[in-house]
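A.B. asks: Let me begin by handing over the structure; questions about it come next.
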Amino acid sequence: MSRIAYDPVKDKFARIIRHSELLRRIFYATLDLVFLRSWHIRKVLREHCRKLDRQGEWRLLDAGCGFGQYDRFILDEFDHVKITSIDIKADYIEDNTSFFSEQISEGRIRFDVADLLNYQDDTEYDAVICIDVLEHIAEDRKVMRNLSRCMKPGAYFLMHSPSHYSAEDADEDDSFVDEHARAGYSKEEIGSKLMESDLHPLKIHYTYGKWGHRAWTLLVKWPMVWFTRFGLPAAIPLLIYYPVVTPVSLLMNAADLYTANKKGTGIYALAQKI
């Protein structure tokens, strides 16, 4: 069986959408629909950042922005937010700068290339998000301290990562874990590391539990296996496959969103700066 290398697959999609605003918007919508972590992140942001927006201008740092999909959601959802969005990959920053040019000219967002291990910022942020980033960095404590230092007291910190249960689930031919500095976090580990960085945990929750993991297998894992084996021609059978599996998979995602999972292959933590 071909090994599933997730980062190269993501980079292939990035090249496909790079020069088309329409394809990029479709790509964002697909990410929000298919990836359960986006469901959880958007739910938490709505619940906790709405009050910030009602108070007027507030500042958010997207630490590891990737394709900018969460920036798109935040700009659409909140009227008074000012975003600083950073990533270590210069090509991602270049693409995002082009796509968000209108919002940049309005002063609502800016993009910078930055290494979180050396990150310093004099801005005092009201919220920081770090989505599926920390698992790639061996010195995660240093990153958390760097981010904590640029947060206001009471500011929110929201992270998502694979959990330690993801290692149990990985196939022998699956390179998902190989791409990470660690298999994932337990509730105890992430809670302890947050406290070390003066970030008080408000909620730590396992995602991709029984229902969410099954949905991920149908919507993401198996299609990636096909893309890894066959490349773009795999899109042809997926045109038949997705209409069949998507409705039941989305119901499974919804079930995961409102289930207190005792375990799951993902985890998010919401914390507040002390």
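A.B. asks: Given the Cα-Cα distance of GLU77 and LYS152 and 0.36 nm per residue of separation, how much length would full extension add, in nm?
C.D. replies: Value of the extension gain: 24.8 nm.
A.B. asks: Equivalent ellipsoid semi-axes for segment 92-152, as square roots of 5 times the alpha carbon gyration tensor eigenvalues: give them largest first, rounded to whole Å.
C.D. replies: 23, 15, 9
A.B. asks: Just to be sure I understand the rule: take each whole DSSP H helix in the chain, project its Cα atoms onto its long axis, keep it if the span is 24 Å or more and its mean Kyte-Doolittle hydropathy is at least -1.0. Which ones pass?
C.D. replies: 235-257
A.B. asks: Once you list every other residue whose beta carbon is under 10 Å from the beta carbon of ALA114, what net charge do they have if Lys and Arg are +1 and Asp and Glu are -1?
C.D. replies: Combined, the nearby Lys, Arg, Asp and Glu give -4.
A.B. asks: Could you please report the charge total around LEU60, scoring K, R as +1 and D, E as -1 over all other residues with beta-carbon less than 10 angstrom from its beta-carbon?
C.D. replies: Net charge in that neighbourhood comes out at -1.
A.B. asks: Oh, and also: Taking 0.36 nm per residue of sequence separation and subtracting the Cα-Cα distance, how much length would be gained by fully extending the chain between ARG145 and ILE16, in nm to one decimal?
C.D. replies: Roughly 42.8 nm would be gained on extension.
A.B. asks: In terms of modelled amide H atoms, which long-range or inter-chain residues lie less than 5 Å from the amide H of ILE137?
C.D. replies: It is ALA181, by chain and number.
A.B. asks: Near the amide H of ARG18, under 5 Å away, which other amide H atoms are found, from residues 5 or more places off or on another chain, if H is placed in the peptide plane?
C.D. replies: none
A.B. asks: With N denoting the number of residues in the chain, provide Rg(C-alpha) divided by 2.2 N^0.38 Å, to two decimal places.
C.D. replies: 0.98
A.B. asks: Looking at segment 212-258, I'd like the Rg to Rh ratio, where Rg is from alpha-carbon atoms and Rh is Kirkwood's inverse mean 1/r.
C.D. replies: 1.04
A.B. asks: Taking Cα centroids, how far is segment 103-136 from segment 24-61 in Å?
C.D. replies: 15
A.B. asks: Would you list, by chain and number, the lysines whose Cα falls below 25 Å from the Cα of LYS193, excluding same-chain residues fewer than 8 positions away?
C.D. replies: LYS43, LYS142, LYS152, LYS203, LYS262, LYS263, LYS273
A.B. asks: May I ask you to work out the translational diffusion coefficient for segment 144-268 at 4 °C, viscosity 1.567 mPa s, via Stokes-Einstein with Rh from the Kirkwood sum over Cα pairs, reported in whole µm²/s?
C.D. replies: 79
A.B. asks: Between ALA234 and GLU94, what is 0.36 nm times their sequence separation minus the Cα-Cα distance? Round to one decimal in nm.
C.D. replies: 47.5 nm
Every number in this text was worked out from the coordinates using simple rules, so none of it is lab data. No experiment lies behind these values; they were computed from the predicted model shown. Here Cβ is always computed from backbone atoms with ideal geometry, including for glycine, and neighbour counts include all displayed protein chains.
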